[in-house]
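A.B. asks: Submitted below is the structure of interest, expressed as C-alpha cells.
The values are calculated or read from the model by the stated rules, or taken from the named source; none is laboratory data. Predicted model only: the values in this text are computed from it and were never measured. Because the Cβ atoms are built from the backbone with ideal geometry, glycine has one as well, and the counts that use them run over all protein chains shown.
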C-alpha cells in the first residue's frame, strides 16, 4: 500500500528586486550565509545582544554561547540552575537567566480531573561571562518567563501564564515590581515576545492572537498595526507575528511562523519589506527568537533546525533567493 | 456497454446538478444527492480511483494550531488506508496549514477535491470552472456535523438581543467566512438592524480581541471559536454571552469537483466514506467519521464592492 501525503507550509515568495525601490525608508535585507559553522548542538531558545555586539545564545539545555562580531564562537558555559532557563537578558557584562518553576495542579478537563503541571513562579540567576553565578533574584508576581529584556534600568519580563509584562527594579537579590501591563494581550501557543522600543522606556509587543504589533509607552498603548490577511503587509497563520525586534531608526522587524516570514516595517507600520531567502525556519507553532545588533543585522534562532540565521542590510541577491536555503544545509 | 451507460447517466446527473452549466447556479444545493428519479449511477466498483484532495481541517493535527493540540489530534491516515484496502480508492492528501494557500490552490484548479469548511471552496463558484459538490460531511469529535456563527457580547454587557445591535458596533468576518459574514449580514438585513459601525476581520481572534478591547459591542465568531481556535489561550467561554446565532451550516465537508471527477465516482466515494464511518470509523478520526451531506444552499458570493468581500476590503476596515 502506498499513500501520498504532502504538507504544504508555504509558497516562499521571492521578491522582485524592483520592490526595494518601492518602499522608501524601509531597509532591504538579505540572508548572510557566512555566519556560524553549525556549531549549535542543542535547540536555541533565546538570543540576546550585549552593548559590544556580542551575540548571546541560550540553548534548551541551559548552555549559553557567545559569538564575537565576526560570527565565531568566543566561549560558552552551562548554567547550573534549576529550572533550566528558558529566556535571558544581558546587561553590563552580566547574563540574567530566567527559568519557569512548575507545580502540579488538579484541573477538570472534559469532565475528568487530571493532574497538570503549571507555571508557578520565576527564578532568575545572574552569571558573569565565565559562567560564575553572581546572584539569585526573586521575581515576585510573575509565574512564567517567556521573554526578558532590560528597558532602561528595569528588568522587564513577559509572563505568558498571566498574560502580562512586568517591570522590575533590581536591588541585590530582590526584584521589586514597579509596574505591570496586563489585560491587553491575546496570546496563544505559549509564545509571548517583546523587545525594547526605539523610544526611551517603550516596548514593542508581538500580540500574536490579535495579529498585531503594539508599542507601549508608560504602560499605555501608544501605537499599533497589523491584521490577519493574505497580503504581504498582513500576518498569516493561526497566530502571528511570534517575535519582534526594533532597529535603531525605529523600524520594527516582525517574524512569522508557518510560513516563516520576516518583514521590516516602518515605525508606523504603513510600509514593509520582506526578507527573502530564509526558507522555512520552523514548522508548526514555534517561535523564532530574534535580536538585532548596532549595525542593524538580524539574528534569528531556529530551535528545530538548531541554527542561528543572520540577515544583513543590503539588496537581496536574486541568485541567492531563487532557491530557498535551508540554514541547516549551509 | 455498462460502463458507457454509467457514463451517460453520470453526464445526465451532472447536468441536472449543475443546471446544465459548469458552475453552481445561485442558491444551488451544495450537497451531492441522487437524482429524484432514481438511484445514483453505478461505477465499476473494482476500478482503482485516485483523487488529489487538499485538506484544511480544524481538528487535524497537521493543519491545526498547536494551542489546541489536545483536541486537534485527528489523523486521516487510517481512513486513507481503509478506503484503499476496502474500496480501491486512493486519496492523495495535501495538508494546508494556511487557508490562504489552500484558497490559491483552489483558484488554480489544482485538486480533484477539498476537505475543509465548504465555503472555503464554494466561495469561488463564480470565479473558477470548478463545480464543487459536498460528497460527505465530517463529524467533529462530539459527532456534530454542523456549525454556526454566534453573536457574542461580554457577559456583563447590556446588549441582550440581536435588535439591541441597532446603532451599536459589531465585528464580523470577511467574505471567505460564511458564518461570520454572509450569514450574520443576512440576519441583520432581515431584521432591519443597522449597526453604527461594522468591522471586518479575518480571524475569530481579532473579532474577540476587538470585543475585549472595547472597540466593538458585539463580535461574530465561529461556534467553535471558544473551544477549537487560538482564542482558547486568551479567553474563556464564561466571559461572553450569546445573543444570537446564525442558521447552521456544514462544519467540514469532503467536496469534489464534478468537472474533474465523474458523478459516478463521486457517488462511489460517498458510499465508501459512509462504509468506513459509524461503528467502523477509525479512532484517529476522533468521531464517527462521515455522514451524508446535509442540505445547504448558501447565498451566492457577494459581487465586487460588497462589504467584507475577500480581497475587496482591508482587514479591520470599517463600514459605517
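A.B. asks: Only one residue in B:225, B:247, B:175 is in contact (Cβ under 8 Å) with a residue 12 or more places away in the chain, surrounded by fewer than 23 Cβ atoms within 10 Å (Cβ to Cβ) and in a loop (DSSP other than H, G, I, E, B). Which one?
C.D. replies: B:247
A.B. asks: Tell me which residues, restricted to the range A:214-230, are modelled with pLDDT of 95 or more and within 13 Å of chain B (Cβ to nearest Cβ).
C.D. replies: The answer is A:214, A:224, A:225, A:226, A:227, A:228, A:229.
A.B. asks: Looking only at the range B:84-98, count how many residues are in contact (Cβ under 8 Å) with a residue 60 or more places away in the chain and surrounded by 20 or more Cβ atoms within 10 Å (Cβ to Cβ).
C.D. replies: Total satisfying the criteria: 1.
A.B. asks: Would you confirm whether any residue within the range A:211-219 is assigned to a loop (DSSP other than H, G, I, E, B), touching a residue at least 12 places away in the same chain (Cβ under 8 Å) and surrounded by fewer than 22 Cβ atoms within 10 Å (Cβ to Cβ)?
C.D. replies: There is at least one residue in the range A:211-219 that is assigned to a loop (DSSP other than H, G, I, E, B), touching a residue at least 12 places away in the same chain (Cβ under 8 Å) and surrounded by fewer than 22 Cβ atoms within 10 Å (Cβ to Cβ).
A.B. asks: When the residues of the range A:231-248 are filtered to those that are free of Cβ contacts under 8 Å to residues at least 60 places away in the same chain and surrounded by fewer than 24 Cβ atoms within 10 Å (Cβ to Cβ), which remaining residue is farthest from the other protein chains (Cβ to nearest Cβ)?
C.D. replies: Selected residue: A:248.
A.B. asks: So which residues in the range B:187-218 are away from chain A (no Cβ under 12 Å) and within 15 Å of residue B:177 (Cβ to Cβ)?
C.D. replies: Scanning the range B:187-218 gives B:187, B:198.
A.B. asks: Now, a different point. Going through B:53, B:58, B:68 one at a time, which residue ends up being modelled with pLDDT of 75 or more and in contact with a strand residue (DSSP E or B) (Cβ under 7 Å, 6 or more places away or on another chain)?
C.D. replies: Going through B:53, B:58, B:68 in turn, just one is modelled with pLDDT of 75 or more and in contact with a strand residue (DSSP E or B) (Cβ under 7 Å, 6 or more places away or on another chain): B:53.
A.B. asks: Yes or no: residue A:211 at positive phi and either in contact with a strand residue (DSSP E or B) (Cβ under 8 Å, 6 or more places away or on another chain) or more than 11 Å from chain B (Cβ to nearest Cβ) (or both)?
C.D. replies: Taking the combined requirement at face value, the residue satisfies it.
A.B. asks: Inside the range A:1-53, can you point out the residues that are at pLDDT below 90, assigned to a strand (DSSP E or B) and away from every other protein chain (no Cβ under 14 Å)?
C.D. replies: Selection gives A:29, A:30, A:31, A:32.
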